[in-house]
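Below: the structure, in structure tokens.
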Amino acid sequence: MSKTGIRSTALPLQQLRSTAQLGLILRSARKARGLNQAELASRLNLSQSRVSQLELQPENMTADQLLTWCAVLGVTLTVGDRPTSTVPHALSVPAQLAEKTSSPKLLLNSVKGPRKGSW
């Protein structure tokens, strides 16, 4: 356990493809740090019920709130190009559009030194 009282279990690098998956990743990160919802809520200046709601419906979280949540848990958020071989057929873009745009991928990774955040 670190000086901040958060267990520092390393999380694997994960590709994020849906908001439902984001909720699962955030919950896994919280549990890997040995925190229950009430403890995380205290660090985020939220209620336990709001933490529960955001883990179940992370699409209601702003980008700023997501970054604060990640900072408190000691995880990073990384955005980069998605390899074309991993783009599901249903999400494929026409070749003309693909040349002009790229499909970003979002990665969450564990880092040391979580910081206390606020909304």
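The values are calculated or read from the model by the stated rules, or taken from the named source; none is laboratory data. Here the structure is a predicted model, which is why all the values come from computation and not from measurement. When we count neighbours, we look across all protein chains shown, and the Cβ atoms used for this are built from the backbone with ideal geometry, even at glycine. SASA here: full protein model, heavy atoms, side chains in, ligands and nucleic acids out. Shrake-Rupley method; radii C 1.70, N 1.55, O 1.52, S 1.80 Å.
In this structure, the amide hydrogen of GLN14, modeled 1.01 Å from its nitrogen in the peptide plane, lies closer than 5 angstrom to those of LEU108, counting only residues at least 5 positions away or on a different chain.
Within a Cβ distance under 15 Å of GLN53, other residues only, what is the Lys/Arg minus Asp/Glu net charge?
Neighbourhood net charge equals +1.
Amide H contacts for ARG82 (H built 1.01 Å from N in the peptide plane; partners 5 or more residues away or on another chain; cut-off under 5 Å): SER103, LYS105.
The amide H of VAL75, built 1.01 Å from its N in the peptide plane, has VAL111 as neighbours under 5 Å, considering only residues 5 or more places off or on other chains. Accessible area per residue for segment 37-86, computed on protein heavy atoms with a 1.4 Å probe, is 51 Å². For ASN45 and LEU13, the difference between the fully extended length at 0.36 nm per residue and the C-alpha to C-alpha distance is 8.8 nm.
Counted by Cβ distance under 12 Å from ILE25, the other residues give a net charge of +3, where Lys and Arg count +1 and Asp and Glu count -1. Phi-derived couplings, Karplus 6.51 cos²θ - 1.76 cosθ + 1.60 at θ = phi - 60°, listed residue by residue for segment 32-40: 5, 8, x, 9, 8, 4, 5, 5, 5 Hz, with x used for Gly and Pro.
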